[in-house]
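A.B. asks: The structure under discussion is supplied below as structure tokens; questions concerning it will follow.
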Amino acid sequence: MASTFTRMIAGRYPAALLASLGAGTVAGGLLLSDSALFAEGKRSLYPPSADFPDLRKHSNCMAAALTPAIYARLRDQVTPQNWTLDQCIQTGVDNPGHPFIKTVGAVAGDEETYEVFAELFDPIIKDRHNGYDPRTMKHPTDLDASKITNGVFDEKYVLSSRVRTGRSIRGLSLPPACSRSERREVERVVVTALAGLKGELAGRYYGLGDMTEKEQQQLIDDHFLFDKPVSPLLTCAFMARDWPDARGIWHNHEKNFLIWVNEEDHTRVISMEKGGNMKRVFERFCTGLKQVEQLIHERGWEFMWNERLGYILTCPSNLGTGLRAGVHVRLPILSKDTRFSKILENLRLQKRGTGGVDTAATGDTFDISNNDRLGKSEVELVQQLVDGVNYLIDCEKKLEKGQDIKVPFPVAQFKKY
Amino acid sequence: MPFGNTHNNFKLNFKVEDEFPDLSKHNNHMAKVLTKEIYGKLRDKQTPSGYTLDDVIQTGVDNPGHPFIMTVGCVAGDEESYEVFKDLLDPIISDRHGGYKPTDKHATDLNFENLKGGDDLDPNYVLSSRVRTGRSIKGYTLPPHNSRGERRAIEKLSVEALTSLDGEFKGRYYPLKSMTDAEQDQLINDHFLFDKPVSPLLTCAGMARDWPDGRGIWHNDAKSFLVWVNEEDHLRVIAMEGGGNMREVFRRFCVGLKRIEEIFKKHNHGFMWNEHLGYVLTCPSNLGTGLRGGVHVKLPKLSTHAKFDEILGRLRLQKRGTGGVDTASVGGVFDISNADRLGSSEVAQVQLVVDGVKLMVEMEKKLEKGEAVDSMIPAQK
């Protein structure tokens, strides 16, 4: 039952408040054990300067933001669950990155990470999210899909449409930090809630450890199955521990709404279908999310969210909406035009191969999705994607007819909220 | 993780049943030994440096193993791990090391003069000889647990100790993070360079953190004695050369080790050792001597003999491919080494290699002449 956990949550908020006031280690009530004395001794033998990582060959947001002074102030702080700075940055230390691709290089172990280690995470967030300042700005949340206009694409070009996001369960540690029982509790909470979905959202859960070979093959054929992470970005962040314990996939019988449990986030929520009806995909996305939220509320749980950072997820790159809305679209002529990249950049869109992140495009079909996550609402980002894809298709049609195309003006960044 | 792990205290709020790992599909020593009772008894313990039971077993949870190959499935984070978690580690040690009991004592013998023979292995068959061991430096936590500051301190102390060696041991240190391309190629050609661990057995135990910070290779000018710093153990010490003069390799090994140990002792950081477990290393499989003495030997006919594996078992030897652990043999050439680590001395283990390989080469020669070797099959050593 939730009883152990609700007691924990009740105890967490004063601690979180303390932490946010800069009180650092929640030392009250900790007996001075052997371990604490040893740690004290180690701290004086090894000042922060002895432990500061060598980041000279590194190219990621963490390496750009972390200074010896920040490290010195934060090294001995802990979140209320005793998650440390070293644990947050381990993935960035172990993965120097690439001159062309700037990874984030830090993860959160729990909701309070973003508070206790704000001195490091705020500049990382600013870097990654186009100057968004969590100290002064507010993030808008808007899941009203009815506001989307022109959201049905020409299916001569758009082969499929998809929207994904993540949600974290407040009160439980995130995948880098969670213990086995916390991870199992995430699974229990989510699967219980999903069992309450009805109608076109009714579905079934497949635990990774218990699925039959037949079920596994079906999930692979449906392009639903996720595998044990091999990317060192994730494994060095401790996210593959205890695999496949408490991991699984839920999907509705219609196979257009699915949820990954305990992969890189507590949950990843995906709405998708073949064809170009992004509006309907987003409608289902919003309805599904709202219903799941309602179902977990009924049992005393909620999603991690605040008005500075929006939805709290493991990777700072997914804060805000955590939303990636995208299409698989054929652009045989436009993709060869030298202005293609600039057009995408101004529309605030990114291209990926059809295998997802870090894959190459096959033929002329691209995965086109929104760049931004934080500082704009879900509706704004999906509308931006819709407008952008319509523009790309228009360019393609023009080029087919031998007409010229224009590079659009850059889309505006944030409004002030 | 370094500097204490009070995250463990937080986990104690959850019940044993909820935290106990699912080991139903596992085949490693840890999974065979760990019960809910042992887990419940040990989970609120930590070593003085904060290493916990979950830290010890994580690698075994993440790597279920293979039906044919029994991995250990746990590691130590510091010297005290073997004390604090003895209820788990003693049965694992017993399982892995032929019934070694918690009350048994381990004999250390690094007097190379006690070795009989070993200088006459036929170089037509024995292509190379090598002896390796590991050493942990007292006062520091082990590779799964140490912080960057500690790892760098280990490196600094090791480099100071090694660069003070002279005579046949005079040599140079190559830190992994600053070696030139030319140096790297040379080390690869010499078969000296070690790489960032890719085996999940090691990565899941946290041993590849911060790579390549604090890691490096030292070797003597003659390229016959080398030391790995901060790979799977604080130090891995290796003596090797082409041909079959295992006696000379073992001499250099023993002399070099003693010199290094003296220098560390002078700095008040001797090696981790006790009379029950011998030399204390990261993986329980390397306790005792931590010694693997072996040869690359051509045994194309004997290796296909129906009783090859039985012969090896009786001689207390094991076979590997020429790429080392978990590789296949190439062209009938095998890496043959001692199987034991704990419960017998260095001299005794190298003696088994020397005597066993000599016998197997004779059997190979017999098989070449078309003669039977059944009468030569040894009794269990």
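Here, each number is a calculation from the coordinates, and none is a lab measurement. These numbers were taken from a predicted model, which means no experiment stands behind them. A quick note on method: Cβ atoms are made from the backbone with ideal geometry, for glycine too, and the neighbour counts reach across all protein chains shown.
A.B. asks: Relative contact order, percent, of chain B when contacts are C-alpha pairs under 8 Å separated by at least 6 residues?
C.D. replies: 20
A.B. asks: So if R0 is 35 Å, what FRET efficiency would A:Lys255 and A:Asn150 give, r being the distance between their Cβ atoms, rounded to the nearest 0.05?
C.D. replies: Computed FRET efficiency for A:Lys255 and A:Asn150 comes out at 0.85.
A.B. asks: Evaluate the distance, in nm, between pseudo-label points positioned 7 Å from the Cα of B:Ile38 and of B:Thr327 along their respective Cα→Cβ axes.
C.D. replies: Placing both labels 7 Å along Cα→Cβ, they lie 3.4 nm apart.
A.B. asks: Would you list A:Tyr71, A:Tyr311 from fewest to most Cβ contacts within 10 Å? Kindly include the intermediate steps, with their values, before the conclusion.
C.D. replies: On the way: A:Tyr71 19, A:Tyr311 24.
Listing A:Tyr71, A:Tyr311 from fewest to most nearby Cβ atoms yields A:Tyr71, A:Tyr311.
A.B. asks: Within region A:193-276, report the trypsin sites (Lys or Arg not before Pro) that DSSP leaves as loop and that have at most 15 other Cβ atoms within 10 Å. Write out the running numbers ahead of the final one.
C.D. replies: Numbers: sites: A:Lys198, A:Arg204, A:Lys214, A:Arg241, A:Arg247, A:Lys255, A:Arg268, A:Lys274; in loops: A:Lys198, A:Arg241, A:Arg247, A:Lys255.
Those satisfying the criteria are A:Lys198, A:Lys255.
A.B. asks: Then there is this: For peptide A:174-182, how many partner chain Cβ atoms fall within 10 Å of a residue's Cβ, on average?
C.D. replies: Rounded to a whole number, the mean comes out at 4.
A.B. asks: Listing B:Thr289, A:Thr165 from the residue with the fewest other Cβ atoms within 10 Å to the one with the most, what is the order?
C.D. replies: A:Thr165, B:Thr289
A.B. asks: Give the aspartates and glutamates whose C-alpha is closer than 19 Å to that of B:Lys15, dropping any in the same chain fewer than 8 places away, or say none.
C.D. replies: A:Glu182, A:Glu185, A:Glu187, A:Asp242, A:Asp245, B:Glu37, B:Asp44, B:Asp54, B:Asp55
A.B. asks: What pairs from A:Lys228/B:Lys11; A:Lys42/B:Lys11; A:Lys336/A:Lys406; B:Lys36/B:Lys101; A:Lys138/A:Lys279; B:Lys105/B:Lys266 go past 20 Å between their alpha carbons?
C.D. replies: Numbers: A:Lys228/B:Lys11 24 Å; A:Lys42/B:Lys11 24 Å; A:Lys336/A:Lys406 15 Å; B:Lys36/B:Lys101 23 Å; A:Lys138/A:Lys279 26 Å; B:Lys105/B:Lys266 27 Å.
Too far apart for the 20 Å limit: A:Lys228/B:Lys11; A:Lys42/B:Lys11; B:Lys36/B:Lys101; A:Lys138/A:Lys279; B:Lys105/B:Lys266.
A.B. asks: Report the gain in length on full extension from B:Leu359 to B:Asn124: 0.36 nm times residue separation, minus Cα-Cα distance, nm rounded to one decimal.
C.D. replies: Values: separation 235, 0.36 × 235 = 84.60 nm, distance 1.45 nm.
So the chain would gain 83.1 nm between B:Leu359 and B:Asn124.
A.B. asks: In deg cm²/dmol and to the nearest 500, what is the mean residue ellipticity at 222 nm of chain B if only DSSP H runs of at least 4 residues count, each as -39500 (n - 2.57), divided by the residue total?
C.D. replies: About -9500 deg cm²/dmol.
A.B. asks: Testing the spin-label approximation: label points 7 Å from Cα along Cα→Cβ at B:Lys25 and A:Thr212. State their distance in nm.
C.D. replies: 1.7
A.B. asks: Related question: Can you list which of the trypsin sites (Lys or Arg not before Pro) found in region B:95-150 are DSSP loop residues with at most 16 other C-beta atoms within 10 Å? Please list the in-between numbers first.
C.D. replies: On the way: sites: B:Arg96, B:Lys105, B:Lys116, B:Arg130, B:Arg132, B:Arg135, B:Lys138, B:Arg148; in loops: B:Lys105, B:Lys116, B:Lys138.
For trypsin sites (Lys or Arg not before Pro) across region B:95-150 that sit outside H, G, I, E and B with at most 16 neighbouring Cβ atoms in 10 Å, the list reads B:Lys105, B:Lys116, B:Lys138.
A.B. asks: Across peptide B:8-19, what mean number of C-beta atoms from other chains lies inside 10 Å of a residue's C-beta?
C.D. replies: Values: counts 3, 5, 10, 8, 1, 8, 9, 2, 1, 1, 9, 5.
Mean number of neighbouring Cβ atoms from other chains: 5.
A.B. asks: Which residue, A:Leu225, A:Leu344, A:Leu66, has the most motion in a Gaussian network model of chain A that connects Cα atoms within less than 10 Å?
C.D. replies: A:Leu225
A.B. asks: Let me ask something else about it. Using 0.36 nm per residue of separation minus the Cα-Cα distance, give me the extension gain between A:His98 and A:Asp337 in nm, one decimal. Walk me through the numbers before you get to the answer.
C.D. replies: Details: separation 239, 0.36 × 239 = 86.04 nm, distance 2.64 nm.
Contour length minus the Cα-Cα distance gives 83.4 nm.
A.B. asks: Measuring from label point to label point, each 7 Å out along Cα→Cβ, what is the A:Ala69 to A:Val411 span in nm?
C.D. replies: 3.7
A.B. asks: So how far, in whole Å, is the C-alpha centre of region A:200-278 from the one of region B:52-69?
C.D. replies: Between the Cα centre of region A:200-278 and that of region B:52-69, the gap is 25 Å.
A.B. asks: Among A:Leu347, A:Ser231, A:Pro123, pick out the residue whose Cα is farthest towards the positive end of the charge dipole of chain A, where Lys and Arg carry +1 and Asp and Glu carry -1 on C-beta, about the Cα centre.
C.D. replies: My answer, from the dipole projection, is A:Leu347.
A.B. asks: Across peptide A:270-277, what mean number of C-beta atoms from other chains lies inside 10 Å of a residue's C-beta?
C.D. replies: 0
A.B. asks: In what order do A:Ile405, A:Ile125 fall by count of nearby beta-carbon atoms within 10 Å, going from fewest to most?
C.D. replies: Exposure proxy ranking, most exposed first: A:Ile405, A:Ile125.
A.B. asks: Filter the cross-link list B:Lys116/B:Lys258; A:Lys351/A:Lys376; A:Lys255/A:Lys397; A:Lys102/A:Lys342; B:Lys298/B:Lys366; A:Lys351/B:Lys196 down to pairs whose alpha-carbon distance in this structure exceeds 23 Å.
C.D. replies: Pairs exceeding the cut-off: A:Lys255/A:Lys397; A:Lys351/B:Lys196.
A.B. asks: Moving on to the next point. Students often forget the sequence filter, so: which aspartates and glutamates lie under 14 Å Cα-Cα from A:Lys274 once same-chain residues fewer than 8 apart are removed?
C.D. replies: A:Asp154, A:Glu155, A:Asp222, A:Glu254, A:Asp367
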